[in-house]
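A quick write-up on the structure given underneath.
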Amino acid sequence: YGTVSFAALSPGDDHEAWLNRFVYLEDSGWKHRAQSSMKSTERDNLFFRAMCRNFHERGQLRITELRGDDATVARQVIIVHQSIAFMFKIAFDERYAATSPGFQLLHWLGTEGYPSGIRYIDSCVTAKDQTVCRAWGACRDIAHLFVPRDGFAGRIAITGLKIASDLKRRWQAQRVRH
């Protein structure tokens, strides 16, 4: 497939061109067919672009890229906060699927692709995601986050979580006493 190289958006670079290529890649494959790409709806596309613009203005947006000759093969959108890098979205050109471009980019990111100062990488997937674990050698769950919907269903969900949390605390306190 020619010369392979890796590149990364720097804080001072024009992020729009990098972002446009990412959105094109993501929308050209299975995420388009599943209607889960950021371009699937106008609302998602506008939100994603505004979010990336705001993070870029703060110096917290990174977009990394795997290239084969002059073709972009895979891209990853990363949000950086202090010493943590959050791998927000990844996309790859399905014409190169046999070479596992997403895996290759993940491997590069985990070994040498992050800027200095990054101490933790959150893949934003569960530890059961075998692709990430194979690329990095090990994974662990950091946290689970529940974001309820607005309205009545959301209030019920929050109330249920509070009750479950209270019951768990009581159960643990009783275990300590016995």
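The values are calculated or read from the model by the stated rules, or taken from the named source; none is laboratory data. Predicted, not measured: the structure shown is a model, and the values here were computed from it. All Cβ positions, glycine included, derive from the backbone under ideal geometry; neighbour counts span all protein chains shown. Protein only, heavy atoms only, side chains kept; ligands, DNA and RNA dropped before computing areas. Shrake-Rupley method; radii C 1.70, N 1.55, O 1.52, S 1.80 Å.
What the table shows:
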| read-out | value |
| --- | --- |
| Test: residue in segment 68-76 that is surrounded by fewer than 15 Cβ atoms within 10 Å (Cβ to Cβ) and modelled with pLDDT of 90 or more | no |
| Count - residues of segment 13-70 that are of a type in the set (S, T, N, Q) and touching a strand residue (DSSP E or B) at 6+ places or on another chain (Cβ under 9 Å) | 5 |
| Selection within segment 117-157 - under 18 Å from residue 81 (Cβ atoms), assigned to a loop (DSSP other than H, G, I, E, B), open to solvent by 90 Å² or more (accessible area, probe 1.4 Å) and modelled with pLDDT of 70 or more | 119 |
| Hey, residue 51 open to solvent by less than 40 Å² (accessible area, probe 1.4 Å), under 17 Å from the mean Cα position of the chain (by Cα) and without any contact (Cβ under 8 Å) to a residue 12 or more places away in the chain or not | yes |
| Some residue of segment 57-78 being touching a residue at least 40 places away in the same chain (Cβ under 8 Å) and part of a helix (DSSP H, G or I) | no |
| Close pairs from segment 87-98: first of a type in the set (Val, Ile, Thr), partner surrounded by 13 or more Cβ atoms within 10 Å (Cβ to Cβ) and part of a strand (DSSP E or B), Cβ under 8 Å, at least 6 apart | 90/74; 90/75; 90/76; 90/77 |
| Pick from segment 24-48, criterion aliphatic (A, V, I, L, M) and loosely packed, with under 14 Cβ neighbours inside 10 Å, ranking: nearest to residue 10 (Cα to Cα) | 46 |
| Given (1) under 22 Å from residue 111 (Cα atoms); (2) exposed (fewer than 14 other Cβ atoms within 10 Å of the Cβ); (3) modelled with pLDDT of 90 or more; (4) polar (S, T, N, Q), number of the condition residue 82 does not satisfy | (3) |
